[in-house]
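Everything on this sheet refers to the single structure shown next.
The values are calculated or read from the model by the stated rules, or taken from the named source; none is laboratory data. None of these values were measured; they are calculated from a predicted model. Methodologically, a virtual Cβ is constructed for each residue, glycine included, from the backbone with ideal geometry; neighbour enumeration extends over all protein chains shown. Side chains are part of the model used for accessible areas, which takes the heavy atoms of the whole protein and leaves out ligands, DNA and RNA. Shrake-Rupley method; radii C 1.70, N 1.55, O 1.52, S 1.80 Å.
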Amino acid sequence: MELTASGPQLIIGLLVGIAALVLLMTKTKCHTFFSLILASLLTAAVCGVPMTQIVATVKDGFGSTLGGIGIIVGIGILLGEIFELSGAGQKMADVFVKIFGEGHEEWAMAVTGFLMSIPVFSDTVMLILFPVAKALSRRSGKSIVTLGMCLMYSAVITHALVPPTPGPLAAAGEFGVPLGNMILWGFVVAVPVAISIVMYYKYIGREKLHIIPELEEGEIVHTSQDLPNAPLAFAPIVLPIVLIVMSTVAGALGVTGTAMQVINFIGDPVIALAISLIFATLTLTRKFSRSVLLARMEKGIKAAGVILLVTGGGGAFGMVLRNSGAGSYIGQLIADSPIPVILIPFLIASIVRIIQGSITVSVITAASISAPILAAIPDVSMTFAAISCCVGALSLSYFNDSGFWVQVNLLNLKKTKDQLLACTWQCPIAWFTGLVVLLICNAVFGGMVA
């Protein structure tokens, strides 16, 4: 797509689009999905996208987003329904409480999300483990916002900072950083960030959004005798992780030929989750009739419809902002300014994330712009420069981020102020904490780490 908009026009288009979206969602009766579509169309027009391409751009953003996560969202929600119906979620909650002790449920969720998101996409972790957070919330009396977001945003942190997720993996490649360095230092930065987030949500859940999820109509209350055993309860979660990790490990070991093709196929997140859903259906639902199971599945499908529409709308908005060239324009302005070298990729990723919503795109954009610049400057740690991209991408998650809508819909937050409090304002805390840790690491170890 050939664009002729000037830099100021792109910035004005960005501001107009965000303002329109906020107004539509807070001051009108428009549904969130339609607000996103209307804001996308307006932003595209102001940013100079040709009229013949505006609708196509919105449709491409909607379709590509759902193409990437739509099936995973659907399967993940069906798995969640089985976890609740069978009591597997409650059993997992019991196990976590035993491991971490009564009163430490938020740390249990944070550690689980943090570790599981290293091999598995954060959206997948959110969807398949959220029933555990609900069960723990009812059991402990702690807010679902605290437990759910400690789980979900800890998963986002490792998704942004620790390979083999695509963003940090691409950054390592752009800067020529050994993967071992990226994993080690990404992990070092991610831990304090996750701790700061847990502290935030402990406060929010106690003082602002103390919400205990109510039992829904037709929901089954389990006794301890009704629950599946622990291995059976955890198997549908462990199985897809094993399959996905097996694919990654086989690639690293140099497996080739038909064996690698088979491993890659079953290790694809869609196939891995599909296998897990089949396994869960066969093992966890044997005591339920076909009609009960299908009714529960229908309930999940209806919930998935809302999530998918809103997620696709967020993808459309992000695509318009991305294709308009606003991110690249502002990123280049930052790269050309006289700021400390280590902050160049950080600021570019920060701005790009705010503009278009995707962590992965933000990291890759910042790395592709800043890597050639930093390569010409002596005594720069490429490892910390690459991590700088990843930390910057934590800057802000709001209406144009598909992950934001996954979190909002799982938490069932209806008010915009509650959505922002739970799913947006933690980002500046993570972003600032990550920056401080990055600067300390660079000051102390920058001369020793290539």
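It is to be established whether one or more residues within the stretch 258-265 are within 17 Å of SER122 (Cα to Cα) and either without any contact (Cβ under 8 Å) to a residue 24 or more places away in the chain or not basic (Lys, Arg) (or both). For the stretch 258-265, residues within 17 Å of SER122 (Cα to Cα) and either without any contact (Cβ under 8 Å) to a residue 24 or more places away in the chain or not basic (Lys, Arg) (or both): absent.
All conditions but one from (1) open to solvent by 20 Å² or more (accessible area, probe 1.4 Å); (2) within 17 Å of TYR201 (Cα to Cα) apply to PHE445; the one that does not is (2).
Return yes when ILE75 is under 18 Å from the mean Cα position of the chain (by Cα) and either under 24 Å from SER247 (Cα atoms) or open to solvent by less than 40 Å² (accessible area, probe 1.4 Å) (or both) and no when it is not. In short, yes. Taking the criterion of being more than 25 Å from LEU243 (Cα to Cα) and touching a helix residue (DSSP H, G or I) at 6+ places or on another chain (Cβ under 6 Å), the only residue of the stretch 261-302 that qualifies is ARG296. Screening the candidates ILE373, ILE355, ILE348 for the property of being within 30 Å of LEU308 (Cα to Cα), modelled with pLDDT under 80 and part of a helix (DSSP H, G or I) yields one hit, ILE355. Here is a check on your reading of the model: is ALA274 touching a residue at least 40 places away in the same chain (Cβ under 8 Å) and surrounded by fewer than 16 Cβ atoms within 10 Å (Cβ to Cβ)? Criteria not met by ALA274. On the given criteria, is PHE33 surrounded by 22 or more Cβ atoms within 10 Å (Cβ to Cβ), aromatic (Phe, Trp, Tyr) and modelled with pLDDT under 80? Against the criterion (surrounded by 22 or more Cβ atoms within 10 Å (Cβ to Cβ), aromatic (Phe, Trp, Tyr) and modelled with pLDDT under 80), PHE33 does not qualify.
Listed by position, the helices (runs of 4 or more DSSP H) inside the stretch 82-198 whose residues that are out of contact with any Lys or Arg (no Cβ under 9 Å at 6 or more places or on another chain), open to solvent by 30 Å² or more (accessible area, probe 1.4 Å) and in contact (Cβ under 8 Å) with a residue 40 or more places away in the chain number at least 2 are 88-100, 105-116, 122-140, 166-175. Considering each residue of the stretch 414-431 in turn, none proves to be at pLDDT below 90, in a loop (DSSP other than H, G, I, E, B), charged (D, E, K, R) and open to solvent by less than 30 Å² (accessible area, probe 1.4 Å). Would you check if there is a residue in the stretch 381-395 being surrounded by fewer than 20 Cβ atoms within 10 Å (Cβ to Cβ) and farther than 21 Å from THR165 by Cα? There is no residue in the stretch 381-395 that is surrounded by fewer than 20 Cβ atoms within 10 Å (Cβ to Cβ) and farther than 21 Å from THR165 by Cα. Applying the condition of being of a type in the set (S, T, N, Q) and not in a helix (DSSP H, G or I) to the stretch 284-305 and asking which residue is surrounded by the fewest Cβ atoms within 10 Å (Cβ to Cβ) yields SER289.
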